[in-house]
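The values are calculated or read from the model by the stated rules, or taken from the named source; none is laboratory data. Here the structure is a predicted model, which is why all the values come from computation and not from measurement. Cβ sites come from the backbone with ideal geometry, for glycine too, and all protein chains shown count toward neighbours.
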Ligand SMILES: [Zn+2]
């Protein structure tokens, strides 16, 4: 849930001065104007009247809905014509959690997620990150000239949360424990790794994902055609950190097609990270790791060239596609 920060709207002044009323009108089959009234009601809670400015915000940024008795996510999804997931994501409602009367919910105007722009992020980068056409984002958010600012909230139509930790895991491990907890696994018959306190990077970065190595590590090879990853190096080696909380789905010693000793972590929502060329692995398949937890020592195993070959080859895969990791760690 670090990925997205909800509820703060900014920069409505950047919106153009005209929004077609038709864009705000409810689908015809939903009956006369009930949906639109609710949108208005949402804005009456924030400002004294539905000004034209408010109408623009309703289109570009969504509205608020105060839950009444008997209302459910399903019902609100039907009412607003968006998916249950969109409402749940925008309001940090975990799977199986319900809503309660009086609760104020952010209702996006379309299916998708909110994204808070980070320093250095571009529209193209954000579109690439969520695998949606950039035009969908500029249209929905009424962006002119491609200008966005850090801190701005963007609706990413058809976007899905990039990281969404399973709620059960949050409940099981509210804080990092000094001793690793054995993970129940039916297939894993090997003994658990020797107990060692998880170590965390001193200053986790603020990106969707965290840089997988120390503050001092630096990029030695960028993402490009033929190298769909980021190579990062610490002088003489160093720790490798989990870029985000998740389940270790691969922790293997060996050649592994050139990866060498490799770790793969599944973060949910079709997001997977991979860490190659490690020396020692500190985690096993099936382990649940926290963001910033040390998972390995940087090494030069597998296919590595040159005397300064010690580095971590870091891949970010979204829905099986290798994405530019820089988009996620900045
Ligand atoms: Zn590499």
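Taking the stretch 148-164, which residues are surrounded by fewer than 18 Cβ atoms within 10 Å (Cβ to Cβ) and either out of contact with any strand residue (DSSP E or B) (no Cβ under 6 Å at 6 or more places or on another chain) or modelled with pLDDT under 90 (or both)?
Going residue by residue through the stretch 148-164, those that are surrounded by fewer than 18 Cβ atoms within 10 Å (Cβ to Cβ) are 149-151, 158.
Once the filter is applied, which keeps residues that are surrounded by fewer than 18 Cβ atoms within 10 Å (Cβ to Cβ) and either out of contact with any strand residue (DSSP E or B) (no Cβ under 6 Å at 6 or more places or on another chain) or modelled with pLDDT under 90 (or both), the stretch 148-164 yields 149, 150, 151.
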In the stretch 121-147, the residues that are surrounded by 15 or more Cβ atoms within 10 Å (Cβ to Cβ), modelled with pLDDT under 90 and not in a helix (DSSP H, G or I): 121, 142, 143
Per-region count, the stretch 214-224, residues within 13 Å of the ligand (Cβ to nearest atom), in a loop (DSSP other than H, G, I, E, B) and more than 13 Å from residue 325 (Cα to Cα): 0
Count of residues meeting criterion [in contact with a strand residue (DSSP E or B) (Cβ under 6 Å, 6 or more places away or on another chain) and at pLDDT below 90] in the stretch 79-103: 3
Residue 241 vs. criteria touching a helix residue (DSSP H, G or I) at 6+ places or on another chain (Cβ under 9 Å) and modelled with pLDDT of 95 or more: no
